[in-house]
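Since the structure comes first, as structure tokens, the remarks are kept for the end.
The values are calculated or read from the model by the stated rules, or taken from the named source; none is laboratory data. All of these numbers come straight from a predicted model, not from anything done at the bench. Neighbour counts run over all protein chains shown; Cβ positions are idealised from the backbone, glycine included.
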Amino acid sequence: MARYVPVARRRRNAALVAIATLFVGLALGWLLGKQSAPSVSASVHDAQQHAADIAVQLERLPIEYQQTVNGSGEDTVQKAVLAPLDDLQADLTNAFDDAPWVAPTARAAAQDALAEARRAALDRASADEFQSAVGAAADSVRTAFGIAAGGS
């Protein structure tokens, strides 16, 4: 035998079930979102690692530069040094875009130092001058991202 439930009670029960479902859904969504979102420290570490990789790649360029200037390598300065510097410039811009905490002055200093290294290669500076310019650029990148020299 069916029991009669007044319309008002049915509406109230439906509203309570809807509200309870809403709160459960919000709680589950918040928990899942919290677990899947990267932490700030992880984002900082990733950006610093990216910057450290850029600095290491910069520090490897003097070998290529010296080989091309001495004529012992098969590549031209454009192909062996300038093209990688252009790639690193774009990579550095992306790294800065992923690191909004880097001050604009530090960003500008790092990009200017990289431009100086490129200018040294274009001017066919001595190997020591190029190495100095690249070292300054690598140090500037590390400083901008708060990385200790020689590590991350």
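One line per residue, one yes/no per condition, for (1) touching a Phe, Trp or Tyr at 6+ places or on another chain (Cβ under 8 Å); (2) buried (at least 22 other Cβ atoms within 10 Å of the Cβ); (3) free of Cβ contacts under 8 Å to residues at least 12 places away in the same chain:
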residue	(1), (2), (3)
A95	yes, yes, no
P100	no, no, yes
A108	no, no, yes
E116	no, no, no
A127	yes, no, no
A133	no, yes, no
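For segment 44-73: of the residues being of a type in the set (D, E) and closer than 18 Å to A127 by Cβ, which is surrounded by the most Cβ atoms within 10 Å (Cβ to Cβ)? Let's see the steps before the verdict.
Filtering segment 44-73 down to residues of a type in the set (D, E) leaves 46, 53, 59, 64.
From the residues that got through so far, the ones that are closer than 18 Å to A127 by Cβ too are 59, 64.
Numbers: E59: 15, E64: 18.
Taking the candidates together, the pick is E64.
Kindly evaluate D98 against the criterion of being assigned by TED's automatic domain parsing to the domain that holds D139, under 24 Å from F145 (Cβ atoms) and in contact with a Pro (Cβ under 9 Å, 6 or more places away or on another chain). Full working, then the answer.
Working: assigned by TED's automatic domain parsing to the domain that holds D139: yes; under 24 Å from F145 (Cβ atoms): yes; in contact with a Pro (Cβ under 9 Å, 6 or more places away or on another chain): no.
Against the criterion (assigned by TED's automatic domain parsing to the domain that holds D139, under 24 Å from F145 (Cβ atoms) and in contact with a Pro (Cβ under 9 Å, 6 or more places away or on another chain)), D98 does not qualify.
Taking segment 43-73, which residues are out of contact with any Ser or Thr (no Cβ under 9 Å at 6 or more places or on another chain) and at pLDDT below 85?
Result: N70, G71, S72, G73.
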